[in-house]
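Here's the structure, in structure tokens; my notes come after.
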Protein chains: 2
Amino acid sequence: MEITSTTQEKTQSNFLKAMFENLKVKFMETAMKAKKIGEDDPRRILHSIKVGFALTLVSLFYYFRPLYDGFGQAGMWAILTVVVVFEFSVGGTISKSLNRGGATLLAGALGVGAEYLANLCGERGEPIVLGLLVFILAAVSTFTRFIPKVKRRYDYGVLIFILTFSLVAVSGARINEIMELAQQRLSTILIGGATCILVSLCIYPVWAGLDLHNLIAANILKLSASLQGFGSEFGDVGSSTSYLQIHKSVLNSKTTEESLANFAWWEPSHGRFKINHPWKLYLNVGGIVRQCACQIETLSGCITNSKIQVVSKFQMKIQRSCVKMSLECGKALKEVSTSIKNISIPSSAVAVHLNNSKAAADELKNIMENYSSSPNEADLQQIMPILVIASILIDIIKFVEKIAVSVSELAEKAGFKQAQLLHRGIVKPVNINDDQLVLEIVEMK
Amino acid sequence: MEITSTTQEKTQSNFLKAMFENLKVKFMETAMKAKKIGEDDPRRILHSIKVGFALTLVSLFYYFRPLYDGFGQAGMWAILTVVVVFEFSVGGTISKSLNRGGATLLAGALGVGAEYLANLCGERGEPIVLGLLVFILAAVSTFTRFIPKVKRRYDYGVLIFILTFSLVAVSGARINEIMELAQQRLSTILIGGATCILVSLCIYPVWAGLDLHNLIAANILKLSASLQGFGSEFGDVGSSTSYLQIHKSVLNSKTTEESLANFAWWEPSHGRFKINHPWKLYLNVGGIVRQCACQIETLSGCITNSKIQVVSKFQMKIQRSCVKMSLECGKALKEVSTSIKNISIPSSAVAVHLNNSKAAADELKNIMENYSSSPNEADLQQIMPILVIASILIDIIKFVEKIAVSVSELAEKAGFKQAQLLHRGIVKPVNINDDQLVLEIVEMK
């Protein structure tokens, strides 16, 4: 009997121990995940603290009655505004605050008009007229949210417009009461919105514009890493293929870029980004970068799918050209990315690397023209994979050039500063042979 | 003098006319745009009407005081809920309603607890404790919004949680007052949410799940159209190249697919889509479809960039294989798309077309193996573009096969119905020659 009880106790304590262990493991896992999210972008932790701070500020303002005696129940609108309006970036916060303020003002005025109109129709007609007006305005406003331009910029404003109009129209209050209420509501929204904008502007501001700028630079750097990885690993048996994954995230960055560009539009000038900075041009660059990433995706498919055998001298030659093309393209993109990062006009090094890669492409064409004269080469079937890779690389050169051109256009329109060049000059090829292409940069006075 | 005055009048009337004309043109343009948005998806018009209807319903409910005497000021929360919660799809509406309800309940309870705790700390300690609690909860909750899973499913809930907790904690009301307020608030949110869910469910419901299902089918059909267009136009001089644009929209559909899948998760069973329908598998299929679209993008780049000259007999043979591969791939994708559209298991026709395209690829390999034996062909440089196109098409076959496999897996897991086959049987090649591949479908008992 006693033994059984001890066994039971043991089982029970074991069960509790296991449960405790399990909970501990789960908690540790969650903590690790949260830590990673914070480490990936420490601004997230800062943002959370900023939201808490702004909310506490407004809450205490609301809590100390004497301070806000003029606000009454409307004080909660300040808290509501802070919670709903505070976004990660300055642009997002400003966009939502202005949308909220503007829409409340407009809808309030229209609501008063509606109330006035309904009053004219007598007691029986009033609810019908009000119901009709709410229906028409809500339906029409909701429809405008499908217009791309409205959706992009004023989506939240339209929502608040519908909300405020319905509340005012239906409140059933007399017009002078509404005016008083509207004044209260507007001033509290102003307090909430201003708190959000000030906190997000003054405490480690997160600029959507700068984020977009850096995202484009980072994406170009990823393509560069991909191409340079390919250049240095291609042909090595058993080499790492991790570089084949780098470009993947670039393929799906369109939505992020567009929302950052929308927010950036609302931001005041900051750092080297003035108001009227050509944010739209970043989307152009981003589009071409994605097209280039698509080419790299196909390239990486070719490398993964086909067994590339480099056996003949002919194939060796092609391989050498491929390596050169992709390394030089990678270097060109790296230069472009660095210039964006430094907010400077792309240096002449971009043109140098582009010319080098084009020279490699010409070299390749030469090799191929001489192919038919050497009949004892391996058959077409065998050399096809490397030919395809070469051809895609030639196309990639074109995209790299397009990226360089679009970034130059952006740099010009946005007034990027002149690069601090070690050398400035014209590029002059001095010695082209089969093995190496030497370029000389001739210093200009 | 009189003449001048007449001239002035004329100028003025001309100016007014021009302004009127200008306004008329602008108005017409906007109307045309709006008409197009409505025509593109008439459900948008219906959605706008539904929002207007739900809002009018709740507004009138709020307007007729006698009906809602129990609600007091809280009645406006019903209107607020409708405006904020009503989404285009049923899943979106349910997701937001449940998030709002659940978060309000949880935050209300915690808020009461916070108020109780603060009360214990005396009059001087109360604001400090409340401020600290609001700060900590707002910061921690805001941080959880960066966790991908929370962001995907409970983003709106966390927002409402912060809002309600702050409002309750800061209200300064006694606990029994809060309980009463909470009951009011919850019942109004319930009325608002239930109105939205009912209207969006009962009046021409828009199912996010069905939209996702149709989007995947439409994207596969686009790739099919692209490949079939290429197959029928390739080699025709001066042929239309509009088919080169069809696949473009597929490249950027990831975000739409993901948000539809998130909303679909919340929807009750509808049509042939049960609860626990494997929505995640659609994202798998979508991912492979996008990879295939990337290959087609490279293919279309090749077609646009290179001048393909088909002069020799050898090139003619390759071209014929390319045409066959791309037509058959296109047909296979069309069958896959049709089967998804009909919610049925992909028919054996998919395998037939895939086998045909593989046979064409084998044929191509044969042609290439025999190339080195005919030395007076054009040089490598000249045949390279068509070789690259052929190679990409061979890769595309692999992706089409992957799409077919992933759709079959989806069809199996989701319990799609058996296709209504005209023929069901095994496929048997009966006659393979250089020109044509004949397949016979042997009827099974």
message = Ordered shortest first, which distances in nm separate the 7 Å Cα→C-beta label point of B:E39 from those of the other copies?
response = 5.6
query = How do B:Y154, A:Y62 stack up against each other in accessible area, from largest to smallest, with a 1.4 angstrom probe?
reply = B:Y154, A:Y62
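Please state the charge dipole magnitude for chain B, taken about the Cα centre, from unit charges on C-beta atoms (+1 on K and R, -1 on D and E), reported in debye and rounded to the nearest 20.
Numbers: 45 positive and 37 negative charges, 101 e Å.
So the magnitude is around 480 debye.
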message = If you roll a 1.4 angstrom probe over the protein chains with everything in place, what fraction of the accessible area of chain B belongs to carbon and sulfur, to the nearest %?
response = 61
P(r) of the protein assembly as shown over all Cα-Cα pairs, binned every 20 Å from zero, in whole percent = 12, 35, 33, 17, 3, 0, 0
query = In the neighborhood of B:L354, defined by Cβ-to-Cβ distances under 9 Å, what is the net charge if each Lys or Arg adds +1 and each Asp or Glu adds -1?
reply = -1
ask   = Can you tell me the accessible area per residue over the protein assembly as shown, all protein chains present, probe 1.4 angstrom, in square angstrom?
value = 50
query = DSSP H helices in chain B with Cα extent of 24 Å or more along the helix axis and mean Kyte-Doolittle hydropathy at least 0.0?
reply = B:43-63, B:90-120, B:122-144, B:148-170, B:175-202, B:208-233, B:279-305, B:380-413
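If packing is taken as the average count of other Cβ atoms within 10 Å, what order do B:319-331, A:342-354 fall into, highest mean first?
Values: B:319-331: 23.6, A:342-354: 19.8.
Descending packing order for the listed peptides: B:319-331, A:342-354.
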request  = From other protein chains only, count the Cβ atoms within 10 Å of every residue's Cβ in B:385-398, then give the mean.
outcome  = 4
message = Limiting things to C-alpha atoms, what are the Rg and the maximum Cα-Cα separation (Dmax) for chain B, in angstroms?
response = 31.9, 104
Links that overshoot a 32 Å alpha carbon limit, given the list A:K254/B:K331; A:K254/B:K149; A:K151/B:K398 = A:K151/B:K398
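Quick one: buried accessible area between A and B, total over both chains, 1.4 angstrom probe, nearest 100 Å²? Walk me through the numbers on the way to the answer.
Values: alone 25720 and 25780 Å², together 44640 Å².
That pair hides around 6900 Å² of surface in total.
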ask   = For label points placed 7 Å from Cα toward Cβ, what is the shortest-first list of nm distances from A:E369 to its copies?
value = 3.4
task = Would you compute the Debye intensity of the range A:200-297 from its alpha-carbon atoms alone, equal scatterers and no solvent, and pass along log10 I(q)/I(0) at q = 0.15 Å⁻¹ to two decimals?
result = -0.65
Exercise: per-residue mean of other protein chain Cβ atoms within 10 Å, B:43-49 = 4
request  = On the full set of protein chains, 1.4 Å probe, figure out the accessible area of A:D155 and give it in Å² to the nearest 10.
outcome  = 40
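Where a ≥ b ≥ c are the square roots of the eigenvalues of the C-alpha gyration tensor, would you call the range B:123-193 rounded, which needs a/c under 1.5, or, failing that, prolate if a/b is larger than b/c, or oblate? List each step's numbers first, then the result.
Numbers: a/c = 4.58, a/b = 1.18, b/c = 3.89.
Because a/c hits 1.5 or more and a/b fails to exceed b/c, the range B:123-193 counts as oblate.
From other protein chains only, count the Cβ atoms within 10 Å of every residue's Cβ in A:294-303, then give the mean.
Working: counts 10, 4, 2, 6, 13, 1, 0, 9, 5, 0.
Other-chain Cβ atoms within 10 Å of each residue's Cβ, averaged: 5.
The values are calculated or read from the model by the stated rules, or taken from the named source; none is laboratory data. Because the structure is predicted, anything quoted here is derived from the model rather than measured. Using ideal geometry, Cβ is built from the backbone for each residue, glycine included, and neighbour counts are taken over all protein chains shown. Each accessible area value is taken on the protein alone, full model and side chains, heavy atoms only, with ligands, DNA and RNA left out. Shrake-Rupley method; radii C 1.70, N 1.55, O 1.52, S 1.80 Å.
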